[in-house]
1. Picking from Trp226, Phe500, Pro321, whose Cα lies most toward the positive end of the charge dipole for the chain (charges on Cβ: Lys, Arg +1; Asp, Glu -1)?
2. If you take the charge dipole of the chain about its Cα centre, with +1 on Lys and Arg Cβ and -1 on Asp and Glu Cβ, which of Ile57, Gln71, Ala193 is farthest toward its positive end?
3. Leaving ligands, DNA and RNA out of it, report the carbon-plus-sulfur percent of the accessible area of segment 448-524 at a 1.4 Å probe.
4. How much of the DSSP beta bridge set in the chain is antiparallel, as a percent to the nearest 5?
5. For Thr187 and Thr162, what does the FRET efficiency come to when R0 = 22 Å and r is the distance between their Cβ atoms, rounded to the nearest 0.05?
6. Which value, in debye to the nearest 20, describes the size of the charge dipole of the chain about its Cα centre when Lys and Arg Cβ atoms bear +1, Asp and Glu Cβ atoms bear -1, and nothing else is charged?
7. Listed highest first by mean packing, meaning other Cβ atoms within 10 Å per residue, what order do 306-317, 255-266 come in?
8. Ordered by packing density, taken as the mean number of other Cβ atoms within 10 Å over each peptide's residues, highest first, how do 356-364, 474-482, 514-522, 123-131 rank?
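The values are calculated or read from the model by the stated rules, or taken from the named source; none is laboratory data. Quick caveat: nothing in here was measured; it's all calculated off a predicted structure. Here Cβ is always computed from backbone atoms with ideal geometry, including for glycine, and neighbour counts include all displayed protein chains. These accessible areas exclude ligands, DNA and RNA; they are computed on the full protein's heavy atoms, side chains included. Shrake-Rupley method; radii C 1.70, N 1.55, O 1.52, S 1.80 Å.
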Amino acid sequence: MASAHIDTFARDRLPPPEQQPAFIFTLPGLQFPPQLNCATELLDRRIAEGQGDRLCIQAPGGLRWTYADLQEKANRIANVLVQDMGLVPGNRVLLRAPNNPMLAACWFAVMKAGGIAVATMPLLRAKELKGIVAKGEVTHALCDAALADELQATLAECPQLTQVRYFNDAGPGGLEAAMALKSPQFTNVDTAADDTCLLAFTSGTTGIPKATMHFHRDVMAACVCWPPHVLRPTESDIFIGSPPLAFTFGLGGLLLFPMSVGASTVLLEKAGPPQLLDGIKDFGATVLFTAPTSYRTLAARGIDLRRTPLRKCVSAGEALPASTRTLWREATGIELIDGIGATELLHIFISADEVHARPGATGTVVPGYRAKVVDDDMNEVPVGTVGKLAVQGPTGCRYLADERQKGYVRDGWNLTGDAYLMDADGYFHYQARTDDMIISAGYNIAAPEVEDALMGHPAVAEVGVTGVPDDERGQIVKAFVVLRPGQVANDAMVRTLQDFVKQTVAPYKYPRAVEFVEKLPRTQTGKLQRFKLREPF
Ligand code: 3UK
């Protein structure tokens with residue numbers, strides 16, 4: 001393979017070979033040629049095959065881009081990157097915007113020019129952006145004008161980040177003005193399949209962010225495994241959802257996967273439950289990607305949703321409680337497609353489609369991947385035993401220059417940090433993050449199981465469970481509960497909820513402590529931060 005990277009930053013910082021996971025490419029469709037550019041595959045090929053007029057991206061306000069439109073924008077931006085901003089293949093480009101069409105065009109422009117995209121969550125502040133810019137030695141940035149403030153504050157402290165353009169900006173200095181002067185043609189850089197094309201920072205429920213490295217071939221591998229085998233979309237599907245494109249769940253679900261089948265996507269800058277509902281109605285969306293909490297809220301609008309063409313609903317990012325699966329089915333008539341993915345593995349590797357879904361299980365291993373449950377010595381544990389989830393496939397963990405690589409990859413297997421059990425049918429049942437297992441008076445209790453039980457009570461809107469220190473029992477189970485409007489937080493409610501749990505799961509799992517709160521601490525990707533429940537918040 002001939003790397004196209006003149007700037008060898010990424011290649012120089014790959015984990016040493018002995019610390020990398022094994023990569024397996026046995027599934028048909030995973031035999032990639034030595035030279036591969038994912039923009040050529042996902043975008044330009046469509047136009048070359050005469051399908052440039054197909055609808056590709058829509059957004060509120062009436063914007064509609066075909067594949068040919070997206071290609072033209074991306075080509076012009078690639079020309080700006082190379083001719084005006086001096087981009088050299090291998091340079092890192094910070095991308096910063098809410099989910100919108102120009103962000104998608106910028107992402108493809110970076111791929112085309114052989115750059116490395118570093119997409120950032122819209123809500124990040126200058127302090128966090130600074131950490132990302134420093135770790136990725138980022139030299140270029142394309143940023144939505146609406147998010148300029150935090151980037152400006154970042155620039156003051158990041159002398160190496162010198163090339164910045166703002167888009168969705170009508171002014172003479174904006175990216176659009178520069179694009180207008182450029183050719184709509186661009187010859188994609190002939191990248192190697194194993195040239196890094198994105199640095200995805202982990203959303204991090206704890207600690208300093210880690211940058212995972214993904215190659216052009218990884219992007220294509222993600223499109224070959226889960227989508228055709230589990231989601232099975234068609235070219236007439238209209239995708240919609242909430243995860244930011246800076247989160248690989250959103251990048252795959254709302255951009256790469258629809259484009260991999262010639263379908264279209266709806267990009268929403270704001271995608272809370274009300275905007276999702278409006279979007280599904282207005283655009284006639286058929287495939288939805290969002291997180292369990294959002295499904296719980298949207299379920300109240302089941303009657304409206306039944307009148308839309310929505311047909312496939314994907315839940316990921318957090319464990320899907322069995323109660324939420326039931327709630328959604330009863331409200332909408334649709335069986336949720338659960339899937340566990342990780343930034344380190346790019347996308348989903350255990351999942352079940354709507355026909356094979358089983359309540360309380362994430363699913364079976366996705367074609368292209370292998371998974372097993374192991375003990376502390378990496379020995380596979382018997383069926384039905386809780387242990388650590390270990391995964392291998394065409395994608396896997398490569399932390400950029402990070403000691404923590406040794407913690408995620410052992411003996412060639414990716415250890416996701418999740419406690420799972422596999423049943424006799426090969427279904428994987430999520431228990432908890434390994435650090436969210438509560439040990440109380442010698443019993444192992446998985447926090448999400450208690451949360452699931454509590455969520456079944458009609459007074460409960462949201463709940464987070466954690467272990468808190470206790471002299472007698474080592475730890476006790478404590479529940480932080482957000483009540484539904486109109487419910488009263490008092491001792492009687494505490495007892496009601498405790499009794500309810502005892503009737504649903506083994507009584508020793510009931511929360512000995514219950515605290516009522518206004519809201520729960522969550523990451524920008526919507527994940528509950530259980531570690532924060534252990535400290536005052
Ligand atoms: C947890 C789940 C149970 C699990 C992600 C889909 O979430 C994504 O990536 P992150 O790096 O977090 C990974 C961790 O999140 N998790 C995710 N999905 C599930 N736990 N059931 C699930 N369905 O702890 C995992 O290790 O933020 C999800 C696609 C791409 C992604 N990056």
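1. Final value for the positive-end residue is Phe500.
2. Farthest along the dipole direction, towards plus: Ile57.
3. 46
4. Roughly 60 percent of the DSSP beta bridges within the chain come out antiparallel.
5. 0.30
6. Approximately 600 debye in magnitude.
7. Listed from highest to lowest mean packing, they are 255-266, 306-317.
8. 474-482, 356-364, 123-131, 514-522
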